[in-house]
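K.L.:
Structure below; questions to follow.
Laboratory data are not the source of any read-out in this text; all were calculated from the coordinates shown. If you're wondering where the values come from, they're calculated on a predicted model, not measured in any experiment. Here the Cβ positions follow ideal geometry from the backbone for every residue, glycine too, while neighbour counts run over all protein chains shown.
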Amino acid sequence: MLKAKGAEVDYYDPHILSIAANRGQWSGRQSIRWDQNELKRYAAAVICTAHHEVEYGQLADEIPLIVDACNVAPKDRKARVVSA
């Protein structure tokens with residue numbers, strides 16, 4: 001839906017580094033690098049799966065809007081965190 005409206009959509013998952021070729025519009029996509037410069041590129045993030053390895057505080061410091069379906073993003077950082 002977001003891509004259809006012109007948004008650039010990527011993903012980060014420490015357990016799924018790439019998506020198999022038979023997955024439709026996501027085929028062959030690679031998980032982004034988790035670093036400050038990479039995160040700063042994004043206007044928003046959606047958290048739909050919580051992973052212990054992810055530093056959600058860093059995410060909330062670098063990305064201005066987070067939609068959090070897992071209640072893991074800290075609400076005392078720079079980001080506006082919206083529960084989903």
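K.L.:
Of 65, 17, 39, which has the largest mean-square fluctuation in a 10 Å C-alpha GNM of the chain?
P.N.:
Checking each option, the largest mean-square fluctuation is seen for 17.
K.L.:
Compare the Cα positions of 2, 81, 56 along the charge dipole of the chain (+1 at Cβ of Lys, Arg; -1 at Cβ of Asp, Glu; about the Cα centre) and return the one farthest towards the positive end.
P.N.:
2
K.L.:
Per residue of the stretch 70-84, in order, report the coupling 6.51 cos²θ - 1.76 cosθ + 1.60 (Karplus, θ = phi - 60°) as ³J(HN,Hα) in whole Hz, putting x for Gly and Pro.
P.N.:
10, 6, 10, 7, x, 9, 9, 10, 5, 5, 7, 9, 10, 6, 10
K.L.:
Okay, next question. Normalise the Debye intensity by I(0) for the stretch 1-45, one equal point scatterer per Cα, no solvent, then take log10 at q = 0.14, 0.31, 0.34 Å⁻¹ and round to two decimals.
P.N.:
For the requested q values the scattering log ratios are -0.38, -1.17, -1.19.
K.L.:
What aspartates and glutamates could a cross-link reach from residue 5, if we take a straight Cα to Cα line under 19 Å and drop same-chain neighbours fewer than 8 places away?
P.N.:
Cα-Cα hits under 19 Å: none found.
K.L.:
Let me ask something additional. How many Å³ per residue does the convex hull of the Cα positions in the chain occupy? Intermediate results must be reported in sequence, preceding the final value.
P.N.:
On the way: hull volume 8.4 nm³, N = 84.
Each residue corresponds to 100 Å³ of Cα convex hull volume.
K.L.:
A follow-up question, please. Would you tally the net charge around residue 81, using a Cβ to Cβ cut-off of less than 11 Å, leaving residue 81 out, and scoring K and R as +1, D and E as -1? Walk me through the numbers before you get to the answer.
P.N.:
Numbers: positive: 75, 77, 78, 80; negative: 68, 76.
Counting the neighbours of residue 81, the net charge comes to +2.
K.L.:
Now, a different point. Roughly what percent of Cα-Cα pairs across the stretch 29-78 reach past 14 Å?
P.N.:
Summing the P(r) tail past 14 Å for the stretch 29-78 gives 49 percent.
K.L.:
First select every other residue whose beta carbon is under 15 angstrom from the beta carbon of residue 19; then total the charges, Lys and Arg +1, Asp and Glu -1.
P.N.:
Summing Lys and Arg as +1 and Asp and Glu as -1 gives +1.
K.L.:
Using amide H atoms built 1.01 Å from N in the peptide plane, name the residues 5+ places from residue 80, or on other chains, whose amide H lies under 5 Å from its own.
P.N.:
Hits under the 5 Å cutoff: 65, 66.
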